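Peer 1: Before I ask anything, here is the structure I am working with.
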Ligand SMILES: [Zn+2]
């Protein structure tokens with residue numbers, strides 16, 4: 001085991017694993033990381049999630065008073081897309097200071113950076129509050145791995161603070177909006193189109209619901225940084241043929257939510273507004289995440305990132321959601337930062353790459369965060 005594992009070499013190793021989700025197949029990649037961590041002294045637990053799939057939790061140290069610092073990242077990647085790649089998405093090609101590959105930015109470089117930092121610091125952490133690494137499967141399909149982990153008693157341990165190493169170009173974000181997707185269904189009674197009076201038209205009911213949604217306002221106040229939650233009707237379909245009264249219509253509702261809201265509360269508001277004739281099914285529910293910028297540990301993260309970024313970070317939030325939506329409440333809402341070396345605009349793109357220098361900076365920043373947390 002090298003004393004200072006190279007986060008770029010590790011990024012390239014992780015890129016070799018085809019963890020495209022679906023189907024995921026993260027287990028070999030998780031075992032690769034688990035073996036490295038175990039050799040460095042970490043207690044490693046795998047949590048199976050169906051055939052070929054596993055989440056990994058690795059921990060070192062531990063202190064009765066101060067909970068560990070948690071780093072988290074996912075190892076599944078999104079499909080390659082329809083457009084052809086000019087680089088091999090799994091070879092870990094390097095060129096001009098960039099490392100190419102699916103997942104290079106989102107977010108195998110982030111996982112490699114915190115695993116490299118964790119292994120480097122391991123010899124100093126045995127008698128410290130310690131750190132825990134939560135490496136998830138299935139994030140790209142709605143945080144499935146994180147949801148699976150929180151159902152397993154004791155799997156996560158404790159967290160004093162959380163670093164989510166999603167791609168931020170090393171800019172520390174203090175939260176993100178949530179995503180709440182619903183299918184609203186209306187029902188009717190079919191009849192021949194020439195005798196509509198014998199039926200009940202589900203499309204007319206859906207049209208009323210859409211009008212109601214267009215004028216809907218959340219009862220909750222806007223958030224100081226993220227503003228008000230949004231609502232958009234993205235899809236509508238109903239009826240099978242032109243000469244029948246349709247007996248079902250379905251509306252797709254996409255809401256982006258803010259920390260003044262809960263999804264349970266929103267659902268109650270919608271049920272009240274739409275009435276009993278509209279059935280609501282959840283397609284995706286990932287709550288928003290936020291930590292006050294004044295929080296002491298957040299400020300210490302800003303201190304660490306200031307020299308790397310060249311100026312003091314301002315409180316900003318990410319545009320995408322993360323596993324923190326699931327893990328932060330499960331850990332009792334410790335302060336949480338989204339901070340990783342990937343390029344946010346490269347996530348899910350053709351010819352995805354990350355910038356090598358940022359991965360090295362990220363490893364150094366994570367080492368410093370561990371050193372401060374564990375007084376190591
Ligand atoms: Zn991601």
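Peer 1: Could you grab the pairs with beta carbons closer than 6 Å, sequence gap of 6+ or different chains, first residue in the stretch 11-38 and over 21 Å from residue 363 (Cβ atoms), second one assigned to a helix (DSSP H, G or I)?
Peer 2: Hits for this filter: 19/29; 21/140; 21/141.
Peer 1: Quick check on residue 90: is it in contact with a helix residue (DSSP H, G or I) (Cβ under 8 Å, 6 or more places away or on another chain), within 16 Å of the ligand (Cβ to nearest atom) and closer than 24 Å to residue 357 by Cα?
Peer 2: no
Peer 1: Another question, if that's okay. Assess whether residue 311 counts as being under 30 Å from residue 208 (Cβ atoms) and more than 16 Å from the ligand (Cβ to nearest atom).
Peer 2: no
Peer 1: Taking into account only those residues within the stretch 173-197 that are buried (at least 19 other Cβ atoms within 10 Å of the Cβ) and more than 16 Å from the ligand (Cβ to nearest atom), which is farthest from the chain's Cα centre (by Cα)?
Peer 2: Selected residue: 188.
Peer 1: Please pick out the residue among 134, 111, 150 that is within 16 Å of residue 54 (Cβ to Cβ) and either within 12 Å of the ligand (Cβ to nearest atom) or not assigned by TED's automatic domain parsing to the domain that holds residue 353 (or both).
Peer 2: 111
Peer 1: Pairs, please: C-beta under 9 Å, at least 6 apart or cross-chain, first residue in the same structural domain as residue 255 (by TED's automatic domain parsing) and in the stretch 218-244, second modelled with pLDDT under 95 and assigned to a strand (DSSP E or B)?
Peer 2: none
Peer 1: Right, another one. When you go through 154, 169, 142 one by one, which is the residue that is under 23 Å from residue 302 (Cβ atoms) and surrounded by fewer than 23 Cβ atoms within 10 Å (Cβ to Cβ)?
Peer 2: Residue meeting the stated conditions: 169.
Peer 1: Inside the stretch 57-79, can you point out the residues that are in contact with a strand residue (DSSP E or B) (Cβ under 8 Å, 6 or more places away or on another chain) and away from the ligand (no atom under 16 Å from the Cβ)?
Peer 2: The answer is 57, 58, 59, 60, 61, 68, 69, 70.
Peer 1: Then there is this: Please tell me if residue 329 is out of contact with any helix residue (DSSP H, G or I) (no Cβ under 8 Å at 6 or more places or on another chain) and closer than 29 Å to residue 184 by Cα.
Peer 2: yes
Residue by residue, here is whether (1) under 19 Å from the mean Cα position of the chain (by Cα); (2) not assigned by TED's automatic domain parsing to the domain that holds residue 221 holds:
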residue	(1), (2)
273	no, no
300	no, yes
306	no, yes
317	yes, yes
340	yes, yes
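Peer 1: Would you call residue 346 within 16 Å of the ligand (Cβ to nearest atom), farther than 29 Å from residue 59 by Cβ and in contact (Cβ under 8 Å) with a residue 12 or more places away in the chain?
Peer 2: yes
Peer 1: So residue 369 fits all but one of (1) within 17 Å of residue 74 (Cβ to Cβ); (2) crowded, with 20+ Cβ neighbours inside 10 Å; what number is the exception?
Peer 2: (1)
Peer 1: Yes or no: residue 103 under 16 Å from residue 346 (Cα atoms), in contact (Cβ under 8 Å) with a residue 40 or more places away in the chain and more than 16 Å from the ligand (Cβ to nearest atom)?
Peer 2: The answer is no for residue 103.
Peer 1: What are the residues in the stretch 153-170 that are within 16 Å of the ligand (Cβ to nearest atom) and out of contact with any strand residue (DSSP E or B) (no Cβ under 9 Å at 6 or more places or on another chain), if any?
Peer 2: 170
Peer 1: Hey, another quick one. Quick one: in the stretch 240-271, which of the residues that are more than 29 Å from residue 316 (Cα to Cα) and assigned to a strand (DSSP E or B) is farthest from the chain's Cα centre (by Cα)?
Peer 2: By that ranking, first place goes to 244.
Peer 1: Same structure, new question: Starting from the stretch 313-326, take each residue that is more than 25 Å from residue 149 (Cβ to Cβ) and list its partners that are away from the ligand (no atom under 11 Å from the Cβ), counting only C-beta distances under 6 angstrom and pairs at least six apart or across chains.
Peer 2: Hits for this filter: 313/172; 313/302; 313/305; 315/174; 315/293; 316/173.
The values are calculated or read from the model by the stated rules, or taken from the named source; none is laboratory data. As the structure is a prediction and not an experimental result, all values here were calculated from the model. Neighbour counts are summed over all protein chains in view; Cβ atoms, including those assigned to glycine, are modelled from backbone coordinates with ideal geometry.
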